[in-house]
Structures are given as C-alpha cells and as structure tokens.
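To keep things clear, I will list the structure first and then write my remarks on it.
Laboratory data are not the source of any read-out in this text; all were calculated from the coordinates shown. Note that this is a predicted model, so its numbers are computed, not measured. Quick reminder, even Gly has a Cβ in these numbers, built from the backbone with ideal geometry, and neighbours come from all protein chains shown.
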Amino acid sequence: MFRSGSFVAEHVTPTTDEQVQPNGVDLTLEAVFRQRQPGRITTDGKSVGARYEQVNEPIGEPLSGEAGYEHEGDDEVDREGYRLSPGYYVVRYAEVIGIPEGHVGFLYPRSSLLRNSCMLNTAVWDAGYEGKGEGLLQVGHEIDIETGARIAQLTLAEAEHTGEYDGDYQGENI
C-alpha cells in the first residue's frame, strides 16, 4: 500500500506545505551536472564518471504568451536556474530523504517535465537509505529550470524486506 503525502513528508527535510501532495512529496532542484568521463560497472564494483556542475545563471525573461507560462509578476523577478539543451543531465534534489524501515521509495517526474519533452529516471530507493538523491534528466527540447523548482514526486510504499540499505550511496550529498 502506498502511504499518504503527509506520511512521506515526515521523511523528507526540509519541506513546505506546497510540496506535500495527496500521495507523496515534491522534490526540488538543487543542482545539475553533466558527466565528462566514463563510469564503470563491473562484476566486483562500480565507479561514477567525473562530472562538472552546470552553471546556475539568470534564465531570462519569462516566455510570455506561451500556454501555461503566464504568471503575474514574473517580469519583476530575477530567476536563477539552468537553461538546458537537449541531452542527458544528472540532477540533485535539495531535500534529504530518509526511507523508513518497512518501506520502499519510488520517484516519479512531475507532469510539467513530461509536458516539456523531459523525462526523469531513477532507481528504487531501499529502506534505510538516507541522503540527497540524484536522478537522470533527459531533455528532449531546450528548457529553463529554476533552482528550487519542483521536478519530482517521492512516494513510499509499505514493503517487506530483509535488512536495510547500507551501500556506497548512503549519506550521499549531505
């Protein structure tokens, strides 16, 4: 059984009321990276290829006239974020996640990403995991994403398991 958004919020720090949804909690964008060297996955280990952080910069004027993008007062606000060209990026979420005992975490892209030709991929989050997770953002068409924008939704489901996560990514990015 999937848990309520208010339950999930007890395991995500920090959160705002706006992030808590009926069935999960929205995660926000902290940083964007591009991989610059090959990674390695073998039968006896793994390594993540070296990355560089994308530049966080003013993302320009709002796209007035575009459906779904008119917001009052947008022209008065300097927004910082990322202008991303088509390609593959690693995104880091701003919140610290703690997957509680007896649960498994699933992360889904917010529909706004999908409607803008983007997809967010992630893996299962095992019970016991704690950290600021990462996901693979596939960009199909140029997009501006503001730092702190809600890009994903974490859900928790009850699950039977033996043991808890104690892998290489435990405590990542915190």
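Tabulated results
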quantity: Förster radius 25 Å - calculated FRET efficiency between Y169 and E146, Cβ distance, rounded to 0.05; calculated: 0.40
quantity: FRET efficiency estimate (nearest 0.05) - Cβ-Cβ, E53 to S4, R0 30 angstrom; calculated: 0.30
quantity: Three semi-axes of the equivalent ellipsoid, the chain, Cα gyration tensor, whole Å, largest first; calculated: 29, 22, 13
quantity: Size descriptor, Kirkwood hydrodynamic radius, that averages inverse alpha-carbon separations across the range 120-167, Å; calculated: 13.6
quantity: Other-chain or far-sequence residues with amide H under 5 Å of Q54's (modelled H); calculated: V32, F33, R34
quantity: Per-residue HN-Hα couplings for the range 143-155 [Karplus 6.51, -1.76, 1.60; θ = phi - 60°; Hz; x = Gly/Pro]; calculated: 8, 9, 10, 6, 4, x, 5, 7, 10, 8, 10, 8, 10
quantity: Residue-wise HN-Hα coupling along the range 18-35, computed from phi with Karplus coefficients 6.51, -1.76, 1.60 (Hz; x: Gly, Pro); calculated: 5, 6, 7, 10, x, 10, x, 10, 6, 9, 10, 7, 9, 7, 10, 10, 10, 7
quantity: Translational D in µm²/s for the range 73-137 (Stokes-Einstein at 4 °C, 1.567 mPa s, Kirkwood Rh from C-alpha pairs); calculated: 92
quantity: Within the chain, longest stretch clear of exposed GluC sites (Glu not before Pro) (DSSP loop, no more than 12 other Cβ within 10 Å); calculated: 1-65
